[in-house]
1. Being on the phi > 0 side of the Ramachandran plot and under 11 Å from the mean Cα position of the chain (by Cα) narrows it down to one of Gly50, Gly66, Gly19, so name that one.
2. Of the residues in the stretch 27-62, how many are more than 14 Å from the ligand (Cβ to nearest atom) and aliphatic (A, V, I, L, M)?
3. Quick one: which residue in Glu99, Glu58 is within 22 Å of Asn27 (Cβ to Cβ) and of a type in the set (Asp, Glu)?
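Read the figures in this text as sums done on the coordinates, not as results from a lab. Predicted model only: the values in this text are computed from it and were never measured. No Cβ is skipped: glycine too gets one built from the backbone with ideal geometry, and neighbour counts run over all protein chains shown.
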Amino acid sequence: MVVEDIKIIELPKFMDPRGNLSFVEQNNHIPFEIKRTYWIYDVPGGENRGGHAFRETEEFIVAISGGFEVTINDGNNSKTFQLNRSYYGLYIPKGLWREMENFSTNSFALEFASTGYNPDDYIRNYNEYLRMKSNGEI
Ligand code: TYD
């Protein structure tokens, strides 16, 4: 998968004077079985998250409140996505470098993952990532 193939996915939304509702289903809007859900919140101004790739884990990110940018890099090209609606989702296949930055105040990133937490699945060194990408190891 290369960054050109990655797009923001618009999720179902039910606009209602009582308040709006959106949802996701595994193997549907999220194209994998969800094994884990985590969230990032209380991000101080100017801080970044991410800065790694996964060998196997696929992820799906929603900005439940506020907004932030996600930059995906495939070793050749990068693309930055603005997640700032709670009915937008970003699917990140395995083997892609990601950075999350420019979090707005009170933003809340909800992340669905295709694997349980495994520190060995992380590639945290960008040069190592580029080497693995060019070797076809990931
Ligand atoms: P990390 O993945 O480095 O955060 P980032 O979103 O910036 O990439 O995770 C930060 C810490 O949280 C790390 O010590 C491991 C822990 N952690 C878990 O225990 N379980 C999880 O599912 C995740 C995502 C992180």
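1. Testing whether each residue is on the phi > 0 side of the Ramachandran plot and under 11 Å from the mean Cα position of the chain (by Cα) leaves just Gly50.
2. Residues that pass the stated criteria total 2.
3. Sole residue among the options that is within 22 Å of Asn27 (Cβ to Cβ) and of a type in the set (Asp, Glu): Glu58.
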